[in-house]
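Right, one structure below, let's go through it.
The values are calculated or read from the model by the stated rules, or taken from the named source; none is laboratory data. Remember, predicted model here, so these are calculated numbers, not experimental data. Positions of Cβ are backbone-derived with ideal geometry, glycine not excepted, and every protein chain shown enters the neighbour counts.
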Amino acid sequence: MQQPSGEVSRRQRLVRAGTAVILFAATAAMTLWQNTHQAVLWDLSYLLDSSDRMALGQVPYRDFPFVHAPITFLTQALLVRLFGRVYWHHIAYAAIAGGVATLLTWRLLARLLAGRVRSAEPLAAVLCLALVPLGIYSVYPHPIYDSDCVLWLLVALWLWMRADCAWTRWLAGVALVVPVLVKQNIGLPVLLVAGVLQVALAVRRGRAGHSIREPLQVLGGIATASVASLGILQATVGLRNYYHWTIWFAAQRRLPGMGAMLAAYRQPLLLWSLPAALACLLLLRGGQAAWRRAAVLYRAAALALLAAPWVYVAAQFVWLGDADDRADALLSLWPHLLVLSAALAGWGLVCRPWSRRSLLVWLLLAAVHGTFLSQQLWGSTYAIWPLLVLLLALLLVQVPELSWPLGVVASLTLVVCGGSYALSEERLSYNHLEGAVQHAQLPALRGMAAPGPWVPRLEALVRDTAHSIPPDATIVLLPGQDPFYYASGRVPHFPVLLLDRATNPYSPAELAAAMQQGGVDWLIVNTQLQLMEPPVADYDAYLHAAEAGLVLDHEVAGYQIWRRPAEGHQPGHFFPRYSPVN
């Protein structure tokens with residue numbers, strides 16, 4: 001007996017709600033679990049101390065050098081203003097943001113697959129299972145700009161794909177501007193490509209005698225948000241300051257050469273995976289006359305060709321023993337999908353009617369390659385796996401007869417291999433991660449945990465300086481590994497908090513001069529770092545320059561505390577400066 005349509009609709013809503021709960025909860029739980037044993041103090045120092053000083057009213061770009069777009073830090077500063085300095089609030093934010101990003105990806109997948117493959121909703125859910133171990137905050141679990149930028153990009157794409165009236169198209173245009181204010185190297189290429197595509201679409205439709213209102217409405221939203229953003233930046237920090245630090249200075253320190261960008265495509269996998277994909281295409285399109293006689297055989301051969309790279313990567317995770325080699329194998333899927341997606345983008349632009357679905361691939365390619373501008377393939381992919389899953393879906397709809405078996409193989413590979421990649425902590429291997437996990441005890445650091453002595457040492461430093469250094473003293477920390485200001489509640493008075501090439505504008509001599517001019521009376525030197533290597537090549541030169549005119553006051557485990565002496569007191573020198581932990 002056929003069920004009433006209303007009952008079917010209710011069942012679908014229940015299934016959809018259940019799927020949403022499972023995907024959100026699983027992704028959020030992965031982020032929460034990662035935070036129970038991981039704390040990358042170097043990155044957390046920059047995030048928490050910078051956000052805390054913004055919460056105190058200090059203005060980036062104007063009052064102190066700052067090379068990143070503001071939204072991630074303003075978001076964390078808002079948490080500090082609303083709930084105080086308690087670290088687990090930032091963990092909760094990352095977990096919620098990760099779950100929301102997975103849900104947005106799932107709804108985008110369902111829309112992309114609908115009408116193109118059978119059982120689109122279940123297939124979208126199967127593909128999204130990969131985002132439990134590979135969500136925006138699953139591999140790297142702390143709040144960070146790349147992950148937040150992907151979240152806002154997913155919001156923009158979701159609005160863009162659903163825009164069906166004037167105000168929703170305008171809103172989609174507004175949303176496309178937001179990622180620029182989260183991470184400039186991701187947001188700017190996406191915004192530029194989106195604008196060019198909308199102009200080209202308007203011209204194309206105008207020449208065909210069709211209405212151009214839709215692209216103009218999106219462009220109107222882009223223009224509105226761009227003008228508003230520029231106006232706010234000029235009124236608060238000054239456009240000149242913002243451009244200098246986030247565009248000019250950031251490009252000087254981070255922008256890679258073309259060789260580094262093309263290195264991602266020097267993958268042995270491409271030598272046979274791309275010919276296999278081409279052979280599959282020829283097989284499917286050229287064998288139509290034989291479908292009735294050997295349909296199963298043709299499909300099996302085509303599936304074998306397309307699934308071969310995924311099976312190969314999964315097999316490597318079995319026979320390779322080194323976590324670094326396994327990570328390389330998993331990341332080699334990126335160039336494979338990017339080349340196929342670029343071919344699809346070009347074909348759709350030239351040979352097919354333009355639609356939001358066909359133009360979406362251009363935005364995804366712009367976002368991925370913009371991300372690579374920061375740390376290329378190895379370093380940049382930790383937060384953008386939802387974009388890979390969306391590219392995979394756009395390719396699956398080109399072979400609807402193979403979408404389910406190929407989607408299942410791909411999802412299983414990403415779940416198993418991606419889970420191993422996330423759990424191996426290979427992406428965090430620039431830190432010492434050995435030893436028993438130690439949990440923070442200070443109220444401000446509640447929820448922080450890391451293997452090794454790093455968290456207890458930070459807390460010992462905070463307790464020691466509470467009575468050994470005046471509360472309003474101007475302090476410099478080198479290299480700035482620890483979120484000292486956030487943990488202690490002190491107000492940072494020196495403009496630079498982190499000795500990192502990407503964020504520090506000072507040479508050793510300029511740092512010493514700035515310390516003299518800024519009235520710095522105390523210097524805290526971290527002699528044992530969680531980082532595997534010194535943060536800058538000339539680290540010792542910075543230490544010698546900073547210590548000039550200071551004397552060693554006392555030591556705490558892992559730290560030297562220097563002060564400016566009374567007149568006539570001769571400074572001393574102590575070694576070693578940097579001692580990696582064995």
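Just to be sure before I move on: is Pro483 over 13 Å from Leu523 (Cα atoms) and buried (at least 21 other Cβ atoms within 10 Å of the Cβ) in the structure I sent? In short, yes. When segment 437-476 is filtered for residues that are of a type in the set (A, V, I, L, M) and either in contact with a Pro (Cβ under 9 Å, 6 or more places away or on another chain) or at pLDDT below 95 (or both), the ones remaining, listed by number, are Val437, Ala440, Ala444, Leu445, Met448, Leu458, Ala473, Ile475.
There is at least one residue in segment 82-96 that is touching a Lys or Arg at 6+ places or on another chain (Cβ under 6 Å), surrounded by fewer than 21 Cβ atoms within 10 Å (Cβ to Cβ) and not small (Gly, Ala, Ser).
Looking at segment 24-49, I want the residues that are on the phi > 0 side of the Ramachandran plot and have a partner that is among the small types (Gly, Ala, Ser) with Cβ atoms under 7 Å, at least 6 apart or on another chain. Which pairs are those? Pairs found: none. Candidates in segment 62-79 are the residues that are touching a Ser or Thr at 6+ places or on another chain (Cβ under 6 Å) and in a helix (DSSP H, G or I); of these, the one that is surrounded by the most Cβ atoms within 10 Å (Cβ to Cβ) is Phe73. Check whether at least one residue in segment 291-300 is of a type in the set (A, V, I, L, M, F, W, C), surrounded by 13 or more Cβ atoms within 10 Å (Cβ to Cβ) and in contact (Cβ under 8 Å) with a residue 24 or more places away in the chain, and report yes or no. Scanning segment 291-300 turns up no residue that is of a type in the set (A, V, I, L, M, F, W, C), surrounded by 13 or more Cβ atoms within 10 Å (Cβ to Cβ) and in contact (Cβ under 8 Å) with a residue 24 or more places away in the chain. Please determine, by comparing only the residues of segment 381-431 that are assigned to a helix (DSSP H, G or I) and of a type in the set (S, T, N, Q), which one is surrounded by the most Cβ atoms within 10 Å (Cβ to Cβ). The residue in question is Thr381. For segment 100-112, check the following and say yes or no: at least one residue is of a type in the set (A, V, I, L, M, F, W, C) and either part of a loop (DSSP other than H, G, I, E, B) or more than 25 Å from Thr381 (Cβ to Cβ) (or both). No, the conditions are met nowhere in segment 100-112. Scanning segment 433-486 for residues that are hydroxyl-bearing (Ser, Thr, Tyr) and either out of contact with any Leu (no Cβ under 9 Å at 6 or more places or on another chain) or under 23 Å from Leu32 (Cα atoms) (or both) turns up Thr465, Ser468, Thr474, Tyr486. The set of residues in segment 432-460 that are among the polar types (S, T, N, Q) and either part of a loop (DSSP other than H, G, I, E, B) or closer than 13 Å to Tyr382 by Cα (or both) contains only Gln441. Checked against (1) part of a helix (DSSP H, G or I); (2) surrounded by fewer than 19 Cβ atoms within 10 Å (Cβ to Cβ); (3) touching a residue at least 12 places away in the same chain (Cβ under 8 Å), Val318 passes all but a single condition, namely (3).
Of the residues examined, Gln58 is not one that is surrounded by 20 or more Cβ atoms within 10 Å (Cβ to Cβ) and either within 15 Å of Tyr486 (Cβ to Cβ) or not β-branched (Val, Ile, Thr) (or both). All conditions but one from (1) under 23 Å from Pro386 (Cα atoms); (2) buried (at least 22 other Cβ atoms within 10 Å of the Cβ) apply to Val117; the one that does not is (2).
Yes or no: Thr168 surrounded by fewer than 23 Cβ atoms within 10 Å (Cβ to Cβ) and either in a loop (DSSP other than H, G, I, E, B) or in contact with a helix residue (DSSP H, G or I) (Cβ under 9 Å, 6 or more places away or on another chain) (or both)? Considered against the rule, which asks whether it is surrounded by fewer than 23 Cβ atoms within 10 Å (Cβ to Cβ) and either in a loop (DSSP other than H, G, I, E, B) or in contact with a helix residue (DSSP H, G or I) (Cβ under 9 Å, 6 or more places away or on another chain) (or both), Thr168 comes out as yes. Across segment 246-269, the number of residues qualifying as touching a Pro at 6+ places or on another chain (Cβ under 6 Å) and either loosely packed, with under 15 Cβ neighbours inside 10 Å or assigned to a helix (DSSP H, G or I) (or both) comes to 2.
The sole residue among Val139, Val174 that is among the aliphatic types (A, V, I, L, M) and not in a helix (DSSP H, G or I) is Val139.
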